[in-house]
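For reference, the structure discussed in these notes is given below.
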Amino acid sequence: MTTDRPFRPRLCFISYRHLSHFAMTLLDEYADRADIEVVNGSFDAALTFARERMRLGTTDAFISAGANATILRTALRAPVATIKLSGFDLLLALMNARRVSNRVGVVMYGAPIPELDAIKDLLNIEVAQYAYRTPDEARHCFALLARDRYEVVVGSSLVLEFAEQYGMQGHLAYSLAAVRQGIEDAIELARAARQEASRYEQLSGVVHNLQEAVLAVDREHRIVALNPPMEKLLGRPQAQLLRQSLETIEPALSLAHTLETGAQDRAAVLRLSQRDWIVNRTPIREHGQIVGAAITLYDARTIHDADASLRSQQRHRQPTARHSFDSLIGQSEPFRRACATAQRFARTDMTILLSGESGVGKELFAQAIHNASSRAARPFVAINCAAFPESLLESELFGYDEGAFTGSRRGGKRGLFEAAHTGTLFLDEIGDMPVSLQTRLLRVLQEREIVRLGGALPIPVNVRVIAATHQPLRELVAGRQFRQDLYYRINTLHLHLPALRERPEDIAPLAEALLRRSLGRLGSSLDAARLLPRVLPRLAEFPWPGNVRELENICDRMAVFFSQWRHEDEIDFTELRHDCAELYEDAAPASSQRTGDRHRAREVLDACGGNRQEAAKRLGISRATLWRWLRDD
Ligand SMILES: Nc1ncnc2c1ncn2[C@@H]1O[C@H](COP(=O)(O)OP(=O)(O)OP(=O)(O)O)[C@@H](O)[C@H]1O
């Protein structure tokens, strides 16, 4: 462990002989606490000497009185402790002077002392009071005192020098106690300055090592600090830049507005030296007053990189596409054709429209396309447009800025377009998207940028959209429920997925795979391939309005039914009609399909006690489809 040595202030006492003599008598008393250098000198000589001390860095604080103190204070950026004249000291000096004569001259630096009138009456003496600011003025005071035959003078140590020259007796107005207090003040000032300096050193060390270019100006817009990256950007060494007007050095970085208004300016974009910079401007205040301003420039490429890595970290928390073309089951000709087309589409980066009845596998195809595309390693984000009311869908898709509406989250929220940046956004049930949002979507597809709700800045997004619909979009366009321009935009590559009843050859392989999966989940060792032939005729006859999702649902129920038995041979298949009743009902005539859907939906919903999620599951349709079936009432 290292321990810092206690700070030992280096003080410099500058005055004339008489006061310096006082200081000399105190050196021993302070030997343990400070190094005190005592110097004779005043006015210009004192200042020259002090400047030299500052240049050498050998002094932490100065101590002086009267004129010297004022001069040092104004000219130096160093702590200066002033030895103060107290009323009591003045009284003592006058009492001593009275022993010589009751006509006393008082010569002080600066302004006359008002209390002197009261003191002189108290002591019953005659006082001629003069104030000086320069040695010449002091000399003139003495000329007047000599003319008026004054023999004794009270004043500073300079005054005592003059008194000697004019043959008068001088009495120092400062006491030893005042000098001691001056030294104590200087020790305190040196300590405070040292702390300040070490804080400044730490801070400037930080600024110096920042990658960002930083520059500060004073109230007059002159450069007072900058770090190496800023030096590099401005193409000149620090020495040539300090104290210069920023306006003349680089008007593009001007802080005039910040100094004038005190307003912060964040994330402005600036082109300088053939690069894009993100610029922050901020005022510097001291005790509420603007004393300067600072500008920070971030290289836009760094921000881009950070943005990319942030987005890629967030990607791990996002839903990704699990399915690929290899995991799709089907061997029918229509299915194989659909797969081949989808694989072709995957090689492009264009918007794709997938159409087909509910449950045919549109989302599955969207995932497979994404995974076969160049965006495979990027996010795949899916949203069902029918599942949200309009306002919520809007904020889900485009996100919102903080304060966009009552209750909006602090810091705002990024929407799915941002979440899907560099990847794929799957917009399911696009036909259910409200027309106002269709307009916004079209703009995003054209401009490739989004604006969050309540936000002003456009955010560039690189997203491939795959839209899906079970509705005939062309009819919706004719009925003005879907924007024609958006329809053409998303319909560039169109893939229609055939219903399950149009590809009956797929029923067996799908049913076998789905049944095997369900049995496996239940921990049953029954062989799906051996069970299937007994139910396949029923499956093959069924019209599958809910397509593969409905088949999946029936396979789940069959698996629960079969798993009561340990061996395939023990199973009583006739009982299956209770668990999978729909397979044993007569098919509804095609003409009354919609009415049939509605009735089935109602019945199942009633059977599930109004639980829509459960009803949708039993029917093998999505909740959005259930809602649609019921709505068609
Ligand atoms: N060819 C297939 N192979 C394996 N599983 C499939 C296949 N097609 C569909 N499925 C399964 O059927 C279910 C429904 O598929 P998906 O959600 O992709 O249909 P969809 O057309 O998007 O439905 P909706 O229009 O109701 O949203 C999913 O569980 C999916 O895994």
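Overview of values
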| item | result |
| --- | --- |
| Positions within the range 269-298 being open to solvent by less than 40 Å² (accessible area, probe 1.4 Å) and either in contact with a Phe, Trp or Tyr (Cβ under 7 Å, 6 or more places away or on another chain) or part of a loop (DSSP other than H, G, I, E, B) (or both), in sequence order | L270, W277, I278, L297 |
| Residue in the range 54-62 that is surrounded by 18 or more Cβ atoms within 10 Å (Cβ to Cβ) and either at pLDDT below 90 or assigned to a helix (DSSP H, G or I) (or both) present | no |
| Unique match (being modelled with pLDDT of 90 or more, within 21 Å of the chain's Cα centre (by Cα) and of a type outside the set (K, R)) among F398, F426 | F398 |
| The range 1-52, subset of a type in the set (K, R) and at pLDDT below 90, residue farthest from the chain's Cα centre (by Cα) | R17 |
| Among the candidates R322, R301, R266, residue that is at pLDDT below 90, within 16 Å of the ligand (Cβ to nearest atom), surrounded by fewer than 15 Cβ atoms within 10 Å (Cβ to Cβ) and within 28 Å of V463 (Cβ to Cβ) | R322 |
| Which numbered condition L72 fails, given (1) over 48 Å from the mean Cα position of the chain (by Cα); (2) assigned to a helix (DSSP H, G or I); (3) under 17 Å from V179 (Cβ atoms) | (1) |
| Criterion violated by V463 - all others in (1) modelled with pLDDT under 95; (2) farther than 24 Å from S358 by Cα; (3) aliphatic (A, V, I, L, M); (4) in the same structural domain as I430 (by TED's automatic domain parsing) satisfied | (1) |
| Wholly enclosed strands (runs of 3 or more DSSP E) of the range 124-217 bearing at least 1 residues of a type in the set (V, I, T) | 126-132, 152-155 |
| Any hit, the range 583-594, residues being closer than 27 Å to E505 by Cα, away from the ligand (no atom under 16 Å from the Cβ), at pLDDT 80 or above and open to solvent by less than 50 Å² (accessible area, probe 1.4 Å) | yes |
| Filtered residue count, the range 229-249, keeping only those that are surrounded by 12 or more Cβ atoms within 10 Å (Cβ to Cβ) and in contact with a helix residue (DSSP H, G or I) (Cβ under 7 Å, 6 or more places away or on another chain) | 7 |
| Residue list for the range 361-375, restricted to those being in a loop (DSSP other than H, G, I, E, B) and either within 11 Å of the ligand (Cβ to nearest atom) or of a type in the set (V, I, T) (or both) | G361 |
| Filter result for the condition that a residue is among the charged types (D, E, K, R), surrounded by 14 or more Cβ atoms within 10 Å (Cβ to Cβ) and farther than 14 Å from T134 by Cα, over R73, R77 | R73 |
| Looking only at the range 453-472, and only at residues there that are within 16 Å of the ligand (Cβ to nearest atom) and within 43 Å of the chain's Cα centre (by Cα), the one that is farthest from L539 (Cα to Cα) | V465 |
| Members of the range 126-154 found to be hydroxyl-bearing (S, T, Y) and over 11 Å from Y166 (Cα atoms), listed by number | Y130, Y132, T134 |
| Filtered residue count, the range 63-110, keeping only those that are at pLDDT 90 or above, β-branched (V, I, T) and over 19 Å from Y174 (Cα atoms) | 0 |
| R538 being surrounded by 14 or more Cβ atoms within 10 Å (Cβ to Cβ), farther than 25 Å from A624 by Cα and within 12 Å of the ligand (Cβ to nearest atom) | no |
| Of residues in the range 329-360 being open to solvent by less than 20 Å² (accessible area, probe 1.4 Å) and part of a loop (DSSP other than H, G, I, E, B), the one nearest to R549 (Cα to Cα) | G359 |
| Spans of helices (runs of 4 or more DSSP H) in the range 437-525 with at least 3 residues more than 27 Å from A386 (Cβ to Cβ) and open to solvent by 10 Å² or more (accessible area, probe 1.4 Å) | 507-522 |
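The values are calculated or read from the model by the stated rules, or taken from the named source; none is laboratory data. If you're wondering where the values come from, they're calculated on a predicted model, not measured in any experiment. So basically every Cβ, Gly included, is an ideal-geometry build from the backbone, and we count neighbours across all protein chains shown. SASA here: full protein model, heavy atoms, side chains in, ligands and nucleic acids out. Shrake-Rupley method; radii C 1.70, N 1.55, O 1.52, S 1.80 Å.
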